[in-house]
Structures are given as structure tokens and as C-alpha cells.
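Structure first, commentary second.
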Amino acid sequence: MTTLRFLALAAIIATFHALAPGAVRSASAAPVLVEVRNFTTPTQCTEEDNVSFVMSSPAIQRFRVEALHPPYLDKVRGSRFPPPDFSNCDFDENTPRTDPGRRFAPRKVRIYDGPDFAIEGNTYETFWRSQSVPVAVGGSVYDEFHLLQFYVKYPYAGKLRETQVLVLYPPDGYWRAKPLPATHASSNAYGSSFLIGPITEAGRPVVEIADIDIDPKGRTIRLRFIAGGEASVRLIEVSRERTALDVEFKPGYRPASVSAAGGMSGFAMLRSMYVAEDNADMSRVEWRDAAGRPHHTSVADTAVLQARSVRFGRVVPSRHNPDAPDIRFDAFDGPLAPLDPLEPLDPLDPLSQGSAGQ
């Protein structure tokens, strides 16, 4: 790589790593503890989201979401994995594009195209929900997008490469994120999804969004919820190590705790797929308790835990989407407590050992 191309790449990555002036926050004296409750159900279908971990706390106002390469990725480079087994799947029931009886005009629109960042809106012919969520970008307002895709642009092999790192489904509030591909790979897959905001049941867990306002230059996505209140989601880093989002709830939003009856109300949720340890988008849970001590267990052995940080991932290579990222929720803080700045991956975290693309 020439010096000029190296500097250009470094500048772009620095742009996505840097926080806005005044946004670097000091450490919190008393991080918020979050209840993490497992609602996972058994499945034999590799395309069914049977994993549900809901996070709740009446004090939460800020937190961070990170997509990180699975720790085994360097060890399996060049490996050939068998295709996923769909023999036990009923796609009429499990696909999010199940026809609700309404047809749309399919389209793909480039709603923002900057020098190092781009956004596309997609409308499918059918979608499992008929809700239309207005999306505002740079003074223009769009309706009936089922999917928003966020891309970064950076020099690669002598050309300007465009890579997708984040998606949001406005009608049901589902997000997916992934870091830039590891150095030995040309691409990588999405895996687990997550929800941000007040969670309700509508056939499956969803977040009802009233409207979305995107500031592409500030890499900020504002969500206003039908249930009240709003959240600001800011893309603060895109690199070969991780993609990171800072989330801040605005006044008027009151995150609910999980009810005594076991309802799924909360401020965030991890949604994923688990059939077996070697056939899953996530199979392990790693968390830190109030004292900062690390713990880890399998998805099947997790019930309820109290965490100041929690990571959903894999330590065994999966036959299904082996390069899909782990998802970590971190930096839980209350109304007056500021976020910690980004820290290196924790060497004590068993899911961090041997992280790819470092």
C-alpha cells in the first residue's frame, strides 16, 4: 500500500472512530446494572430467530452496542464450511417478508451519498408488517422503506471500496451491524439482530417507531417511538476491529423493567439463532457483574443475570454464518452518568481472545 493510500485509509477510519467535540465522556463512578433475561426457545431451523435476551433497567439512559469479529476467526481463515441445513425450516412462517396482504412498489434509493458514507433505502414487494415509517434525510422525507442500509467508503486494492456495516428495518425496529471484513477476507456476513427502545409483542418482539431523522454528516439516527420518547443512535466507529454505536434516550422515554409475569418489556433486546454449539449465530453469553468480574456460560444454561456489560457470541466455529459478528452491550449508564470512552477489547474476556483483524 502506498503512503498516500495508507494515510487516506487512516484518515477515514479515524473519522469514524472519533467522537464529536465534547463527546468523550469520563468514567462513571457507579455503572448501571442491567437485568438480562433469557427467553430463548428450542428450534431446529437455522433461519428462525429463537434466541431472545431482553435487557431492562429503570435507570438506563445511555449504552453502547458493538459488533465484533468472533474470536476464532483467524484460526479458520480459508476453511470451507458446509452450507446451512434448511431442512427443518418453514419459510412461509419464519421469513420477515411474509405477505401481510399488502403490495408495495419495489425500489432502491440512494438517499445520501457522501465521500466516505452512504445510505440506501429499500422497499420490498411484500413485507411481514404494513407499517410505514417516515424517514427524513437532509430535508427530504421518504415513506415505505422496509430496510435502511448504511455504507462506508475506504481505499482498498487501489480503488475506493464501499462496504455495508449497518442496517435498520423501520417497520419493526430490527438492527444488524458488522465490522469491516477481517484483513484476510473480502466480505463478512450479518448474524444476530438487536432492538433499541420500548419492546412490544406483535407476533414477535418489535419496537414501534413513529419516525426516523438521519443526520448523515454526524452519523446520527434519531428514533421517535410510538410509545413515547426518543433515542439518538450515533455511529462512532467503523474499523476492522468493530462497529460501535452510542445510544442515548431522550427525556420522555421511561425504560420499563421486565414484568413479574415474565413479559419482554425492556430497553434493548438481542435476537439470534441457536440450534447447537456449532450451528448458531450465537451460542455463548459472557458478562461482567457489579464488581467487574467476568462470567460466561452457554445460551442454554443462562436464565437471568445482572450485568454491567454483556457479550453474545461464539467460541466454537459455527457451520452457519461462521464469520458473523458477536454483539456486545456495554457502558450502561443513567441520566447523569457519562459514557466511558472506547476501550481496547478486554484481554480477560474469553470471547475476545484472538480477535480477528487486529
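None of the figures in this text is laboratory data; all of them are computed from the coordinates on show. Because the structure is a prediction, the values reported are computed rather than measured. Note: ideal-geometry Cβ built from the backbone for every residue, glycine included; neighbour counts use all protein chains shown.
Tabulated values for the structure
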quantity: Backbone HN-Hα couplings from phi across the range 301-314 [Karplus 6.51/-1.76/1.60, Hz, Gly and Pro as x]; calculated: 9, 9, 10, 9, 9, 10, 9, 9, 7, 9, 10, 10, x, 9
quantity: PHE104 paired with ALA210, simple spin-label distance in nm, labels 7 Å along Cα-to-beta-carbon; calculated: 2.2
quantity: Extended-chain gain in nm, criterion 0.36 nm per residue less alpha-carbon gap, GLN44 and SER140; calculated: 30.2 nm
quantity: Full-extension gain in nm, VAL304 to LEU160, via 0.36 nm per residue minus C-alpha separation; calculated: 47.3 nm
quantity: Amide H contacts of TYR112 (H built 1.01 Å from N, under 5 Å, at least 5 apart or other chain); calculated: ILE119
quantity: Cα-based shape type of the range 98-139, given that a ≥ b ≥ c are square roots of the gyration tensor eigenvalues and the cut on a/c is 1.5; calculated: prolate
quantity: Relative packing of 202-214, 293-305, 144-156, which averages over residues the other C-beta atoms within 10 Å, highest first; calculated: 144-156, 202-214, 293-305
